[in-house]
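Remarks on the structure that follows.
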């Protein structure tokens with residue numbers, strides 16, 4: 001009985017090894033990655049991650065001109081602000 005279990009275990013090990021070998025493609029060799037592989041991911045991470053040391057160079061709070069702020073609020077409240085302009089970055093799919 002012990003000998004039967006050893007044989008079954010050996011068959012399982014062989015089957016697993018053959019299955020793992022079948023995952024590797026023998027038809028098409030593995031291609032090298034281009035030198036710029038991953039640049040898009042690194043760029044997206046760089047523009048989305050906040051710089052934790054950005055505030056260390058600021059020595060004082062930014063100034064606010066009260067007259068300009070009041071004029072901006074008044075224009076907003078009276079509806080005299082500039083209309084939002086539609087901007088397109090691509091004509092793909094447009095007819």
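What follows draws every value from the coordinates through simple rules; no lab data is involved. Since we're looking at a predicted model, the values are computed, not measured. No Cβ is skipped: glycine too gets one built from the backbone with ideal geometry, and neighbour counts run over all protein chains shown.
Could you sort 44-56, 69-81 so that the peptide with the highest average Cβ count within 10 Å comes first and the rest follow in order?
The packing order, highest mean first, is 69-81, 44-56.
If you fit an axis through the alpha-carbon atoms of helix 2-23 and take the longest principal axis of the Cα set of the chain, what angle between them do you get, 0 to 90°, nearest 10?
The angle comes out at about 40 degrees.
How far is helix 39-48 tilted, in degrees, relative to the longest principal axis of the Cα atoms in the chain, given as a value from 0 to 90 rounded to the nearest 10?
Relative to the chain, helix 39-48 is tipped by roughly 40 degrees.
Among (i) 67, 26, 10; (ii) 66, 24, 17; (iii) 42, 12, 8, find the value of semi-axes √(5λ) of the Cα gyration tensor in Å that was calculated from the structure presented, and write down its label.
Here the calculated entry is (ii).
Okay, which of region 47-76 sit inside 20 Å, backbone N to the point 7 Å along the Cα-Cβ direction of residue 84?
Inside the label zone: 72-76.
Work out how much length residue 13 to residue 33 would gain on full extension: take 0.36 nm times their residue separation and subtract the Cα-Cα distance, in nm to one decimal.
So the chain would gain 3.9 nm between residue 13 and residue 33.
Compute the angle between helix 66-78 and the longest alpha-carbon principal axis of the chain, please, reported from 0 to 90 degrees and rounded to the nearest 10.
80
What is the extension gain from residue 49 to residue 2, computed as 0.36 nm multiplied by their sequence separation minus the C-alpha to C-alpha distance, in nm to one decimal?
11.0 nm
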